[in-house]
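Only one structure is covered here, and it is reproduced in the block below.
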Amino acid sequence: MIKEIEETVTYLQGKGFDNPEIGIILGTGLGQLVNEIDLINEVSYNHIPNFPTATVEFHKGKLIYGTFEGKKVVVMQGRFHIYEGYSLQDVTYPVRIMEKLGIKTLLISNAAGAINLNFKKGELMLIEDHINLQGSSPLAFKGVEKMGERFTDMSAPYDAEINSQFKTIAKTNNITLHEGVYASVVGPQLETRAEYRMLKILGADAVGMSTVPEIIVANHLKLKVAAVSVLTDECDPNNLKPVDITEIIAMAEKAEPNMITLFKELIKTI
């Protein structure tokens, strides 16, 4: 993997991706943040050597480089999931690339279902901890020790200072921002009533199909990292309705202005 990473980084540096400070991963329905960026260059994933290709129809599949609130940023407009057939190493490959390009901070967004019934769809949840239910680890491969500590500490995977700043920004801007535990599952099928009950017993406040692998690798690379979920549906096992993916995307897009405000105001301060 080391050779492939070097090849990818060299290619992107040749495209002008010059020492970004912050990496951003945009999830389902949250791609419009790129309109706030002063674009320097963008490259489709399928043109980047060794990069996975986005197969989810509502993920644009572009790596974007530019300035945002005066900071150099590299942005993933669309991410990868193991339900697309990728390994966890593939899913997290872009995080390793962004770190080699120079980022010190990684900000992540996603769409998730609300298990905590005090949380309502359209609201945001700041992830303060997670439960990995994806069946493996992105660090479980031969040679990982050459890229960082094998036994990565996860006692505080989300940066407390950034989370505190997010909460202050939300309060100042009258944005509802819950804090909670995010459970990451494989997908792509949604959960059964019994599975939602199980997740609630485990202590999850929301559930989705991404983010945790990237968080693990970010910690492996000693990056500061934070993540915010848009809650797109309410997962009440006693009153469960069929979920339409188009409704999930629409709800994520409706909440996007609040997400943009959080990210924009945070980046001004870091």
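Read-outs: derived from the displayed coordinates by stated rules, not from any lab. Everything numeric here is computed off the predicted structure, so don't read it as measured data. Every residue, glycine as well, gets a Cβ built from its backbone with ideal geometry; the counts of neighbours run over all protein chains shown.
Remarks
- Counting only Cα atoms, region 52-206 measures 42, 39, 35 Å along its principal axes, largest extent leading.
- Under the span-like rule (Cα at least 27 Å along the axis, Kyte-Doolittle mean at least -0.5), DSSP H helices of the chain: 245-269
- When all alpha carbon pairs of region 1-42 are counted in 10 Å bins from zero, the resulting P(r) reads 21, 44, 31, 4 %.
- Neighbour-count order for T55, T152, fewest beta carbons within 10 angstrom listed first: T55, T152
- Result for the chain in a Gaussian network model with C-alpha springs under 10 Å: among Q77, Q134, Q13, the largest mean-square fluctuation is at Q13.
- Per-residue ellipticity at 222 nm computed for the chain from its helices equals -10000 deg cm²/dmol, with DSSP H segments shorter than 4 residues left out and the rest contributing -39,500 (n - 2.57).
- Calculated FRET efficiency for the pair N118/I201, C-beta based, R₀ 22 Å, to 0.05: 0.85
- Take every pair of alpha-carbon atoms less than 8 Å apart whose residues are at least six positions apart; their mean separation over the length of the chain yields a relative contact order of 25 percent.
- Dipole of the chain computed with +1 at Lys/Arg Cβ and -1 at Asp/Glu Cβ about the Cα centre; of I216, G85, A255, farthest Cα towards the positive end is I216.
- Antiparallel %, DSSP beta bridges [both residues in the chain], to 5: 40 percent
- Among T53, T232, T211, residue whose mean-square fluctuation peaks in a GNM of the chain (springs only between Cα atoms under 10 Å): T53
- Test item: Cα-centred dipole of region 43-154, Lys/Arg +1 and Asp/Glu -1 on Cβ, debye: 340 debye
- Between the C-alpha center of region 86-152 and that of region 186-253 there is a gap of 13 Å.
- K71 paired with N46, simple spin-label distance in nm, labels 7 Å along Cα-to-beta-carbon: 3.3 nm
- Of all DSSP beta bridges in region 98-237, antiparallel share, percent nearest 5: 20 percent
- Expressed in units of 2.2 N^0.38 Å, where N is the residue count, the Cα radius of gyration of the chain is 0.95.
- Remark on H130: its backbone amide H falls under 5 Å from those of Y182, a criterion applied only to residues 5 or more positions apart or on other chains, H modelled at 1.01 Å from N.
- Comparing V91, V186, V212 in a Gaussian network model of the chain (Cα springs below 10 Å), the most mobile by mean-square fluctuation is V186.
- Over region 124-263, equivalent-ellipsoid semi-axes from the Cα gyration tensor in Å: 26, 22, 13
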